[in-house]
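Report on the following structure.
The values are calculated or read from the model by the stated rules, or taken from the named source; none is laboratory data. Just so we're clear, the structure is a prediction, and the values are computed from it rather than from any experiment. Note that we place each Cβ from the backbone using ideal geometry, even for glycine, and neighbour counts take in every protein chain shown. The protein model used for the area step is the full one, side chains on, heavy atoms only, and it has no ligands, DNA or RNA in it. Shrake-Rupley method; radii C 1.70, N 1.55, O 1.52, S 1.80 Å.
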Amino acid sequence: MPTATASSRRAAGRWSSTTMFVLATGGAAIGFNNFWQFPGLVAGQGGAAFLILYVFGLLIIGLPLMLAQIAMGRRAHQSPVHGFMRLAAVHRADPNWFWLGWVCVVSSTLILASLSVMAGWAMAYFLRAASGTLKGLTADALGSVFTQLVNDPEKQLFWYTFFIGLTVAVSAGGLRGGIERFVRWATPLVLVLLVGLLVYAGVVGDLPGALGKVLAPDFTRLSAGSLQQILAHVFFSLSLGVGFVFCYSAYMPDTVLPSRAALGVVAIDAGVSVFAAIAILAILAGGEVEAANGPALFFQALPLAFDHLPAGRLAMSTFFIMIVLVALLAAVAMLEPLTAWLVERFEYSRVRAALISGGVLWVLGLSMMLSFNAWQFSFPFFNEVRKFGLFDAAQLLTTQVLLPLTGLLMAVFAGWIMRPDEMRNTLALRSPCSFDVWLWLTRLFVPLYLLVLLFSLPGLLA
């Protein structure tokens with residue numbers, strides 16, 4: 001398989017600064033799980049006791065694997081497919097390692113297809129919130145609104161296509177003219193909107209109660225599976241099994257210090273998780289609505305809680321704007337591995353590559369969107385029945401197999417295939433102690449944990 005030409009590598013460009021890399025990667029790492037899963041986890045499993053283990057997980061799993069992917073991407077200067085080809089050749093490893101790059105591309109595209117469907121829901125709900133359509137509805141009525149939306153392929157198709165169009169438009173502008181220009185204002189705006197919701201929750205919600213649930217330690221509520229759930233959240237919330245960290249790191253300037261960049265990304269992701277948990281729990285308690293997880297939190301529980309609070313219509317609209325921006329930041333990043341490969345492999349223009357990537361994504365996601373209506377079918381998965389056909393199948397394939405497998409193989413490649421002296425220079429970890437800690441965490445602990453995660457996920461997520 002041919003490698004990328006020098007001209008295509010130069011065309012990719014470089015981030016303008018460390019800040020831009022952190023904003024782009026950190027913004028992309030913020031995902032729906034930070035909003036619709038983390039609040040329930042921290043409130044239900046001991047508050048600060050959970051947070052202590054969460055920080056521990058970030059340090060021993062999140063940070064080492066993030067540094068490994070940054071170092072590999074920085075050395076490769078290419079998309080994951082060509083990047084692993086190049087790294088394998090340089091280090092005289094088995095050339096079949098390039099398949100790891102393809103797994104990154106497939107994982108990113110599958111996740112992006114399902115994300116685009118859910119982002120379409122959020123866009124539709126922003127319009128409903130802003131227009132007052134959701135005002136005064138009961139819990140049952142809100143459930144009916146959501147059911148009607150997902151059962152209507154024409155409405156879903158409009159919002160789904162619109163979201164993919166926005167993603168392609170940003171990607172088509174290239175690194176500086178598209179992604180960087182978007183990230184420069186979108187990531188800070190997400191953080192500002194989140195702080196605004198936190199202030200709102202403090203004024204009209206039950207902030208003391210939420211702070212108690214999040215910051216008061218209760219070690220008796222930690223179960224045997226708590227550590228596994230925490231480390232699984234660390235892995236998935238940082239998107240460590242997806243190729244965009246590798247891809248974005250390929251654009252990293254030589255002046256960027258990888259350790260500082262990785263810490264910045266981890267800090268953004270963790271900070272958003274904690275602040276979102278406090279704000280959401282305070283709003284739910286203030287509106288006297290029971291907590292929920294997943295889509296039920298976004299599209300039923302929170303709209304009901306907002307409706308019970310002063311200025312709820314404005315706050316609800318703000319929340320859905322923030323969620324759409326979160327989805328778009330992730331979508332732009334997840335489209336990059338495929339788009340970059342098309343530019344490198346065929347020397348397409350950036351616009352053409354982005355349009356082709358968007359077309360592939362649209363067709364793939366269409367089958368997932370129709371899984372909620374015309375193409376719906378059920379299948380058993382361990383102790384439950386999955387009802388949404390290809391949508392559920394794609395999510396299970398990525399979360400249960402592809403993502404942990406990709407993370408595992410990346411850790412093995414970084415720890416055992418890449419030369420230690422090269423990794424030391426790339427990571428710029430001058431302290432021998434800090435480099436040795438990173439190296440052996442990456443070589444032994446991270447792969448062992450991901451191997452355990454690979455086999456325990458069916459029980460955790462079923």
note = By residue number, the members of segment 139-151 that are touching a residue at least 24 places away in the same chain (Cβ under 8 Å) and open to solvent by 40 Å² or more (accessible area, probe 1.4 Å) are Ala139, Asn151
query = Out of curiosity, is Asn96 open to solvent by 30 Å² or more (accessible area, probe 1.4 Å), modelled with pLDDT of 95 or more and of a type outside the set (Phe, Trp, Tyr)?
reply = yes
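So which of Leu364, Leu281, Leu338, Leu302 is under 18 Å from the mean Cα position of the chain (by Cα) and part of a helix (DSSP H, G or I)? Steps first, please.
Details: Leu364 fails: under 18 Å from the mean Cα position of the chain (by Cα); Leu281 fails: under 18 Å from the mean Cα position of the chain (by Cα); Leu302 fails: under 18 Å from the mean Cα position of the chain (by Cα).
That would be Leu338, the only listed residue that is under 18 Å from the mean Cα position of the chain (by Cα) and part of a helix (DSSP H, G or I).
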request  = Name every residue in segment 284-299 that is under 17 Å from the mean Cα position of the chain (by Cα), open to solvent by 20 Å² or more (accessible area, probe 1.4 Å) and hydrophobic (A, V, I, L, M, F, W, C), in order of residue number.
outcome  = none
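Listed here are the residues, each with its yes/no results for (1) modelled with pLDDT under 95; (2) open to solvent by less than 10 Å² (accessible area, probe 1.4 Å); (3) closer than 26 Å to Phe388 by Cα; (4) in contact with a Gly (Cβ under 9 Å, 6 or more places away or on another chain).
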site	(1), (2), (3), (4)
Pro303	no, yes, yes, yes
Phe306	no, yes, no, yes
Pro310	no, no, no, no
Leu314	no, no, no, no
Phe320	no, yes, yes, no
Val324	no, no, yes, no
Val332	no, yes, yes, yes
Trp341	no, no, no, yes
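Among the candidates Leu189, Leu238, Leu197, single out the residue that is within 25 Å of Ala291 (Cβ to Cβ) and out of contact with any Gly (no Cβ under 8 Å at 6 or more places or on another chain).
Working: Leu189 fails: within 25 Å of Ala291 (Cβ to Cβ); Leu238 fails: out of contact with any Gly (no Cβ under 8 Å at 6 or more places or on another chain).
That would be Leu197, the only listed residue that is within 25 Å of Ala291 (Cβ to Cβ) and out of contact with any Gly (no Cβ under 8 Å at 6 or more places or on another chain).
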inquiry  = Any residue in segment 226-243 that is on the phi < 0 side of the Ramachandran plot sitting within a Cβ distance under 7 Å of a residue that is open to solvent by 10 Å² or more (accessible area, probe 1.4 Å) and small (Gly, Ala, Ser)? List the pairs, counting only those 6 or more apart or interchain.
reply    = Gln228/Ser456; Ser237/Gly31
message = I'd like to verify a number: residues in segment 31-57 that are under 27 Å from Cys247 (Cβ atoms) and more than 15 Å from the chain's Cα centre (by Cα), how many?
response = 2
ask   = Considering only residues of segment 380-407 that are of a type in the set (Val, Ile, Thr) and open to solvent by 10 Å² or more (accessible area, probe 1.4 Å), which is modelled with the lowest pLDDT?
value = Val385
inquiry  = Name the residue that is farthest from the chain's Cα centre (by Cα), counting only residues in segment 99-138 that are of a type in the set (S, T, N, Q) and open to solvent by 40 Å² or more (accessible area, probe 1.4 Å).
reply    = Thr138
query = Which number in (1) modelled with pLDDT under 90; (2) within 26 Å of Val234 (Cβ to Cβ); (3) among the hydrophobic types (A, V, I, L, M, F, W, C) marks the one condition that Met410 misses?
reply = (1)
inquiry  = Tell me whether segment 202-216 contains one or more residues that are open to solvent by 50 Å² or more (accessible area, probe 1.4 Å), of a type in the set (Gly, Ala, Ser) and modelled with pLDDT of 95 or more.
reply    = no
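Please state which one of Val190, Val203 is of a type in the set (A, V, I, L, M, F, W, C) and touching a residue at least 40 places away in the same chain (Cβ under 8 Å).
Details: Val203 fails: touching a residue at least 40 places away in the same chain (Cβ under 8 Å).
Only one candidate passes the filter, namely Val190.
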query = Can you tell me how many residues in segment 250-278 are in a helix (DSSP H, G or I), within 30 Å of Trp341 (Cβ to Cβ) and either of a type in the set (Asp, Glu) or open to solvent by less than 10 Å² (accessible area, probe 1.4 Å) (or both)?
reply = 6
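Quick grid of which residues meet (1) open to solvent by less than 10 Å² (accessible area, probe 1.4 Å); (2) closer than 17 Å to Asn293 by Cα:
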site: Leu41; (1), (2): no, yes
site: Gly44; (1), (2): no, yes
site: Ala49; (1), (2): yes, no
site: Gly62; (1), (2): yes, no
site: Leu67; (1), (2): no, no
site: Ile70; (1), (2): yes, no
